[in-house]
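The values are calculated or read from the model by the stated rules, or taken from the named source; none is laboratory data. In this text the structure is predicted, and so the values were computed from the model without any measurement. Reconstructed Cβ throughout: ideal geometry from the backbone, glycine too, with neighbour counts over all protein chains shown.
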Amino acid sequence: MFSDKTVENLKSASFIRAMFEEGNKLRKQYGEENVYDFSLGNPDVEPPLAVKEAIKSISLSQEKGMHKYMSNGGYDSTKKAVAKMISHEYEMDIPFTNICMVTGAAAGLNVVLKSLLNDNEQVIVFSPYFAEYLFYIRHANGIPVIVSTEKDTFNIDLTQFENAITSQTKAVIINSPNNPTGVIYKKEVLEKMAAIIAEKEKEFNSHIFVISDEPYTKIVFGKVKIPVLFQIFKKIISINSYSKSLALPGERIGYITVSPLIPDDQLLMAAILFNNRTLGFVNAPALQQRIVELCINESIDPKIYEERRDVLYNHLISLGFECLKPEGAFYLFMNSPVPDEMEFVKKAQEYNILVVPGRGFGLSGYVRLTFCISMDIIKRSLPAFTQLAKSYF
Ligand code: PLP
């Protein structure tokens, strides 16, 4: 009776929803403060003060026309501010006409996929992955092709990547720092990827685009540096978001950047602007664009997350759990101590600990924990993890 495709998608989207419902049940039963919910990536960090001040001053402005429709790509002044900043970051002159302001990375991904894909073209996604990618690709009538990463390091397996490329491959999505693993891809690996793409494009006489999903680029720990992707890939489109970097996920603001090295880049921009409108986003919110412009150099302090990572990671490792230390983002992808991670997820619930099964990200045998929750909850959860560990080690 309803859309078969959506009903089918709903079934595979059930893991995080199930955790959410379980969380609500436990909170009702034991009280908010006694449930250690590591399942949802909804940051508890507040936006920088400058953002709140910008909201106040913009919303009280008497200037006329502040709330009108605008060009679908957003205000020129906002795009110019963004272009100046990223030209520096990407070490390349990015014209403001290659930027489209969007309502967050989720919208940006949908708009870009819709602009690139013909029916049944393939998009490579590395597992474990942000589960929504599969739905976005299917919305654009594409076919997701899942490629495994290297065991336990979650680095890109170049052989598997090369073998997965076909004449129908149109794009590959990369996400670094990564949700759910916290991995940051190394420059050497990305350069090899670029070489493989160039070879395959020649072999198939095709175009393969790199879609870089970048909501976590401001959350990087220690001395680690993110390689400059625009210097490595020629046909690259990046999608940035202020959901995490300014802690504004509910406000929905981000931007798409199309590399000026893409042949016919302005036709692609026209397609992006068209799809931004016709997918129903129309344009990114006026207020949020002005905030971005006023707060162009602002960011949350990644140290907040680094401290939380250290407390959680060190405790889990000391108990005998195995896990790669995340270099960025705010997730830990931990090995389940038993092969079936669903069994572990249920056991953890007995101690009011909520984690998401790895199969929700396309990789069984692991669980994901987010440390974007408060340090207070993290610290109070530690004895519960100690008790949980006693069942296994
Ligand atoms: N991509 C990844 C990897 C994410 O983790 C998220 C949100 O958690 C998004 C995209 C969507 O972010 P936004 O809030 O900017 O739409």
Is at least one residue of segment 250-261 among the charged types (D, E, K, R), within 16 Å of the ligand (Cβ to nearest atom) and either at positive phi or more than 21 Å from the chain's Cα centre (by Cα) (or both)? yes
One residue from 91, 32 being out of contact with any strand residue (DSSP E or B) (no Cβ under 9 Å at 6 or more places or on another chain) and farther than 23 Å from residue 261 by Cα: 32
Exactly one of these conditions fails for residue 131: (1) at pLDDT 95 or above; (2) touching a helix residue (DSSP H, G or I) at 6+ places or on another chain (Cβ under 9 Å); (3) within 16 Å of the ligand (Cβ to nearest atom). Give me its number. (1)
Give just the number: which of (1) at pLDDT below 95; (2) over 24 Å from residue 212 (Cα atoms); (3) within 16 Å of the ligand (Cβ to nearest atom) does residue 51 not satisfy? (1)
Among the helices (runs of 4 or more DSSP H) contained in segment 139-236, which hold 3 or more residues that are more than 23 Å from residue 105 (Cβ to Cβ) and either in the same structural domain as residue 371 (by TED's automatic domain parsing) or basic (Lys, Arg) (or both)? 187-204
Given the conditions (1) within 14 Å of the ligand (Cβ to nearest atom); (2) aliphatic (A, V, I, L, M); (3) under 16 Å from the mean Cα position of the chain (by Cα), which single one is not true for residue 101? (3)
From the option list 73, 41, 31, 23, single residue qualifying as on the phi > 0 side of the Ramachandran plot and not β-branched (Val, Ile, Thr) is 31
Within segment 226-243, can you find the residues that are buried (at least 22 other Cβ atoms within 10 Å of the Cβ) and either within 16 Å of the ligand (Cβ to nearest atom) or of a type in the set (Ser, Thr, Tyr) (or both)? 237, 238, 239, 240, 241, 242, 243
Six or more apart or on different chains, Cβ atoms under 6 Å: show the pairs whose first residue is in segment 170-196 and on the phi < 0 side of the Ramachandran plot and away from the ligand (no atom under 14 Å from the Cβ) and whose second is small (Gly, Ala, Ser) and in a loop (DSSP other than H, G, I, E, B). none
Quick one: which helices (runs of 4 or more DSSP H) sit completely within segment 1-60 and have at least 3 residues that are surrounded by 15 or more Cβ atoms within 10 Å (Cβ to Cβ)? 14-30, 49-59
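Quick check on this structure: which one of 284, 271 is more than 14 Å from the ligand (Cβ to nearest atom) and not acidic (Asp, Glu)?
Step by step, each of 284, 271 is checked, and only 271 is more than 14 Å from the ligand (Cβ to nearest atom) and not acidic (Asp, Glu).
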Determine which single condition residue 292 fails, assuming it passes every other condition in (1) in a helix (DSSP H, G or I); (2) of a type in the set (A, V, I, L, M, F, W, C); (3) modelled with pLDDT under 95. (3)
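From 307, 298, which residue is surrounded by fewer than 17 Cβ atoms within 10 Å (Cβ to Cβ) and modelled with pLDDT of 95 or more?
That would be 307, the only listed residue that is surrounded by fewer than 17 Cβ atoms within 10 Å (Cβ to Cβ) and modelled with pLDDT of 95 or more.
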